[in-house]
């Protein structure tokens, strides 16, 4: 069952990150509708994350990198596994929109073992499986492309912190909110 949840979460995040640049069809109250605004999609992702957190959905993106991931294009939640409380979120980067999937869980998961056993995609690669505070953090990629190497080095060791304490996300959200009133 866990393999199905992880595979489904990966498929959802890939689909969300590959859509053409267009305004959301059902915008929330805070939405950047001008597609000419730099990082239009990423700004809307920040607004969505903020909206979700204000609605009580705090598990996805409870921890994020203290530095902005290189080449970041999108941030999208992928789903939550109700059996163990794990949530999977996606960070898309690079020209080919490679996915770094970040799994946050209150207890250890077997995601990296599933990858090693070949139970996800053949290209999947686990780059992190450790504990940050009381949260277990697993980071894996679903594609084997050269741009994943730089990102793998980043994700393997980058410090993680609560989203409310991370300056780059606060700045992104401030820009997004300003673009909604422009």
Please state which one of 114, 72 is under 23 Å from residue 165 (Cβ atoms) and at pLDDT 90 or above.
72
I want to confirm something. Restricting to region 142-157 and keeping residues that are buried (at least 16 other Cβ atoms within 10 Å of the Cβ) and modelled with pLDDT of 90 or more, which single residue is nearest to residue 57 (Cα to Cα)?
155
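Conditions (1) under 26 Å from residue 157 (Cβ atoms); (2) touching a helix residue (DSSP H, G or I) at 6+ places or on another chain (Cβ under 7 Å); (3) modelled with pLDDT of 90 or more, marked per residue:
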residue: 25; (1), (2), (3): no, no, no
residue: 37; (1), (2), (3): no, yes, yes
residue: 61; (1), (2), (3): yes, yes, no
residue: 66; (1), (2), (3): yes, no, yes
residue: 118; (1), (2), (3): yes, no, no
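Report, by residue number, each residue of region 82-93 that is surrounded by fewer than 19 Cβ atoms within 10 Å (Cβ to Cβ) and in contact (Cβ under 8 Å) with a residue 24 or more places away in the chain.
Within region 82-93, 83, 84, 85 meet the criteria.
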Apart from one, (1) assigned to a loop (DSSP other than H, G, I, E, B); (2) over 17 Å from the mean Cα position of the chain (by Cα) all hold for residue 180; the odd one out is (1)
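Kindly indicate the residue of region 40-76 that is in a strand (DSSP E or B) and touching a residue at least 40 places away in the same chain (Cβ under 8 Å) and also surrounded by the most Cβ atoms within 10 Å (Cβ to Cβ) among those meeting that condition. Let's see the steps before the verdict.
Narrowing region 40-76 to residues in a strand (DSSP E or B): 63-65, 72-76.
Checking which are touching a residue at least 40 places away in the same chain (Cβ under 8 Å) leaves us with 63-65, 73-74, 76.
Values: 63: 21, 64: 24, 65: 20, 73: 17, 74: 20, 76: 21.
Checking each candidate, the answer is 64.
Please verify whether region 76-89 includes one or more residues that are closer than 30 Å to residue 181 by Cα and modelled with pLDDT of 85 or more. Let's see the steps before the verdict.
Here is the first cut: in region 76-89, the ones closer than 30 Å to residue 181 by Cα are 76-78, 89.
Then drop every residue that is not modelled with pLDDT of 85 or more, which leaves 76, 89.
Yes - at least one qualifying residue is present in region 76-89.
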Scanning region 104-116 residue by residue, those closer than 17 Å to residue 156 by Cβ and free of Cβ contacts under 8 Å to residues at least 40 places away in the same chain turn out to be 112, 115, 116
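The values are calculated or read from the model by the stated rules, or taken from the named source; none is laboratory data. None of the values given here were measured: they were computed from a predicted structure. FYI the Cβ positions are ideal-geometry reconstructions off the backbone, even for glycines, and counts take in every protein chain you see.
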